[in-house]
Structures are given as structure tokens and as C-alpha cells.
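Comments concern the structure below.
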Amino acid sequence: MSRWVPLIVFLCLSAVDVSGAASAGGTYAIRIQAIRVADDDGSRRALVEAADVVQWVDFANTCYRPAGLRFLYEPERDFTDLRSTLLNGVTGNTDPDWLEARAEGNRVAATHPDALVVFFRHGPDAEPTGAGFSWWTYDFIVMPGWAVAEHCGVEKPKMLSHEIGHYLGLPHTFAGMYQSEVGAELAFERSELDPGCFDGDGFTDTPPDPLVRPYECEDVDRIALMGETFVLPRTNIMSYYFEAKSLSPQQAARARWIAAYRREHGMSTPSHAGVDSPIELESLKVIRTSGPTKTDQPMDGFGRELWSDGTQMFFGDSEAPSHIRLELPVDKPGWYDVTLYGTRAPDYGEVTVLINGRRCGHSFNAYAPLVLPSGAIPLGSVRLRRSNVIEFRTDTRDEASKGYLMGLDCLQLKRN
């Protein structure tokens, strides 16, 4: 599920690389800290106990073993309480106070660096909610209490594993939900019989999932729509089926990649929104390019709040190396510490930066399996004139990347 749940407990998972490197083989361990939430006055406390979390964590360790991930949790040490009416009533990104709640959740998560934070909360109503949610654009998981986390008439030990998947960059296997086969058939017909209309995650090793809600709890492993047979991914943890407990190899690889990325940034997704006095790269005058036209790209759909001004400069060629030169004026010539904030994506190249013809800092690999902010990229101390030329090049790319494109958000200049 990907909705907020009634009880709030913060699970802080301190990342410990047992193998010594995130990209190497072996086990990549993440330590869990739980925080149970109540209202400001202590009422409506989430219905969860320290021992309950053990069952969720044990199930997650079975699910994520193929990804080389292991979750560590000690009930006596890793379970605490928090009073916050704001967080205790959160239900997701449709809440009128979602932006405030997300900011508060991220703030609390930041007090546990190198940890994954999970909120167990009560929910907004008199009766506790049984739903949970998370996503890779914020830094926490929301869960309900054990007693109300129910699916198909039994407790749901799989729920935390599902939300960990969202936290680690995994979408649902399904693209939509239908109340009957008739609804699924109509969607299939509208797509001109394209099975991809049921593909929610884009992975080639998970089948299209026409999720017919009544079948979640029934013993149905395939359905026929308009003469096409669909095998349901009933054991995949990112589905809604009762038997969900496993990951595909592609899902496991992404979960491990995002776990390493989050660890590099204190178990968070970096945000450029708070950059002091940013120079928006999309606002700079273009001097010359390798051919393509620069685009000012709104980051709606990717978590626009994570980018400075919600927009980036998008440029490049998916098939060949690219470069673009921009005019960079400064009011006062002198030495400046220069920091770049960019974007990582599945089809981005390795970006090299030159200012006035001199290379600055190290090239950075802008590949990622998802569209993500890069965080701060220090370019070093540079002597700037009143008018300067800054050049961005993608001459190489990661072997996993599909192109030589680049997305660049802003610069920060700090005078020495």
C-alpha cells in the first residue's frame, strides 16, 4: 500500500555496509529505530509495541535478501515515542497540510542521520487507520499499528516490506486498480490492446498487472482479458496480492542502488530547495551548444519541491556526447567557491564542468535508475571575472545509462 497508516512509530535504520562497500557484493545492513506517535497531548497513541515491529522486520529481511539488504532492529533500544498531532493524523499527499507534515517528517528523519525513519501513527479519525505509505522523494515511512494492519482478514506482516520498497525507489507492479474484470477490459480496449497499460513499474522481469481488487485475496493466478492471458504477480511484494513476499532481480538491483544513494546523503533524498542565493542555470545566456536546444524543464512529477525554483536546465543528445556553453556574469570579480546542483536520471551522461576553459572539480556520474536531485557537487575555488564562460560536457556515460543527456539545476557562488 502507499497510503499513510494510523499509528506512528519512527523506525530509524542506521545503514551499516557489512561488505565494506555499497556497490560490492555481500550484505548491506540498515539498522531500524522505531518511533511511536501520539497527539500533542499524548492521546490517540499509535497501537503498536516494540515487539510488534520485530515481525515486520523479520518479514522484510526475507523479502530483501535478494537485494543484499538486511534490516537490524533491537526493541529495547530502537523504539521511542513522539508527540505530534500533525504527524499522528497524516494520511498522504492529498492532505491539506501535507507540505507541512512532509517537512516535519523530513526534519525528524534528519535528526537520525544514516537511519531510515518509520512513523507508526493513529490517523485523523476516531478509529485508527490501517494504511501506510512512503515514496522515494521524502525521507520516512508511515505505518499503522500491528492490530489494524490487516489484509484479507489476517494481520499484514508484509506491509512494512511494501513501504520499504517505495522508500527504495520501487513503484507498484500495477498501473491502475479495477473493481471487476469488466473495468480492466475497458482499460485494455482503450489502450488498443497494449499490455503495457497494466505495467506500473517499467521492469521487464515483472509482468503487466491488471489489478482486479476482488482477486487480491482469492486463489486466482491468471485472468483473460479480450483474449489475452495475464499471469498475475501474486508473490511480488510491490503488488497488492495476499501472497506478496518477493522481489524480481531488477527490483532488487534498484532497491540496493537507492539504498546506497540514500546512505551517501544521510539516508535522505537530497533537496536543492534551500540553496542560498542560487544562480538558476536555465536563466543564463547560451553562448554555444553542440547542436541541441536547451530546455527549461519544470520538475513536476519528479518531486518539484526538491529542485531550486522547481525547474532545471535540460540539454543534450541521447545518442552522442554533448556540450553547452553559458555566460556566467558576477558583480565582483575574485575567488569563489563554486558548487553545482544537478540531476541524475536513467539517460544522463557523465558531466564535466569547465569555467573559462579550465576544468573544475571532478566529473560526476549523472546516471540514476530514477530522476533524482544530485545534491551538492563541489567544483572547487575558481577565480571569476565579471563575465565568464561556464561549459558543461557529457563526453562519456555510465555503462547503465541510456544517453548523454544532462539536467542542471543551479550554481552557488561563495566569495572567498
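Worth a mention:
- Computed on the stretch 263-349, the Cα convex hull volume stands at 141 Å³ per residue.
- Whole-Å distance, taken between Cα centres, linking the stretch 47-115 and the stretch 195-221: 28 Å
- Taking Cα centre as origin and charging only the Cβ of basic (Lys, Arg, +1) and acidic (Asp, Glu, -1) residues, the dipole magnitude of the chain rounds to 1920 debye.
- Near ARG397, the amide H atoms lying under 5 Å from its own belong to GLU350; only residues 5 or more places off or on other chains count, and H is placed 1.01 Å from N.
- In the chain, the DSSP-assigned H stretches of four residues or longer account for a calculated mean residue ellipticity at 222 nm of -5000 deg cm²/dmol, using -39500 (n - 2.57) per stretch and the full residue count as denominator.
- Assigned charges on the beta-carbon of Lys, Arg, Asp, Glu; the stretch 178-292 dipole about Cα centre (debye): 720 debye
- Candidate lysines for bridging to LYS332, where Cα separation is under 25 Å - those fewer than 8 sequence places away on the same chain excluded: LYS285, LYS414
- GNM flexibility winner over the chain from LEU247, LEU326, LEU72 (Cα, springs under 10 Å): LEU326
- Beta bridges by DSSP in the chain, antiparallel share as percent, to the nearest 5: 70 percent
- Computed from backbone phi with θ = phi - 60° and the Karplus coefficients 6.51, -1.76 and 1.60, the 3J(HN,Hα) list for the stretch 195-203 is x, x, 5, 9, 8, x, 10, x, 7 Hz; x is used for glycine and proline.
- Candidate lysines for bridging to LYS156, where Cα separation is under 29 Å - those fewer than 8 sequence places away on the same chain excluded: LYS245
- Taking the Kirkwood radius as Rh and the Cα radius of gyration as Rg, the stretch 88-165 has a ratio of Rg/Rh equal to 0.96.
- Charged-residue dipole, Cβ positions (Lys, Arg, Asp, Glu), the stretch 205-358 about Cα centre, Debye nearest 20: 460 debye
- Neighbourhood charge, 13 Å Cβ-Cβ cut-off, centred on TRP257 and excluding it, Lys, Arg +1 and Asp, Glu -1: +3
- Kirkwood-Stokes translational diffusion coefficient of the chain, alpha-carbon pairs, 37 °C, 0.692 mPa s, µm²/s: 144 µm²/s
- Net charge over other residues, Cβ less than 12 angstrom from the Cβ of ILE35 (K, R count +1; D, E count -1): +2
- Think of the chain as having a plus end and a minus end, set by charges on the Cβ of Lys, Arg, Asp and Glu; of PRO157, TYR341, THR62, TYR341 sits farthest toward the positive end of this dipole.
- Under the combined filter of DSSP loop state and at most 11 neighbouring Cβ atoms within 10 Å, the stretch 70-123 retains these GluC sites (Glu not before Pro): GLU76.
- Quick note on the stretch 279-415: its Rg to Rh ratio, both from C-alpha atoms and Rh being the Kirkwood radius, is 0.94.
- Among LEU99, LEU281, LEU306, residue whose mean-square fluctuation peaks in a GNM of the chain (springs only between Cα atoms under 10 Å): LEU99
- Computed over the chain: relative contact order in percent, which uses C-alpha pairs under 8 Å that are six or more apart: 14 percent
- Tail weight of P(r) past 17 Å, computed on alpha-carbon pairs of the stretch 334-395, percent: 40 percent
- Isotropic mean projected area of the C-alpha convex hull, the stretch 177-231 (nm²): 3.7 nm²
- Springs between Cα atoms under 10 Å define the GNM used for the chain, and in it the highest mean-square fluctuation of GLY105, GLY227, GLY165 occurs at GLY227.
Any read-out appearing in this document is the output of simple, stated calculations on the displayed coordinates, not a laboratory observation. Note that this is a predicted model, so its numbers are computed, not measured. Neighbour counts are summed over all protein chains in view; Cβ atoms, including those assigned to glycine, are modelled from backbone coordinates with ideal geometry.
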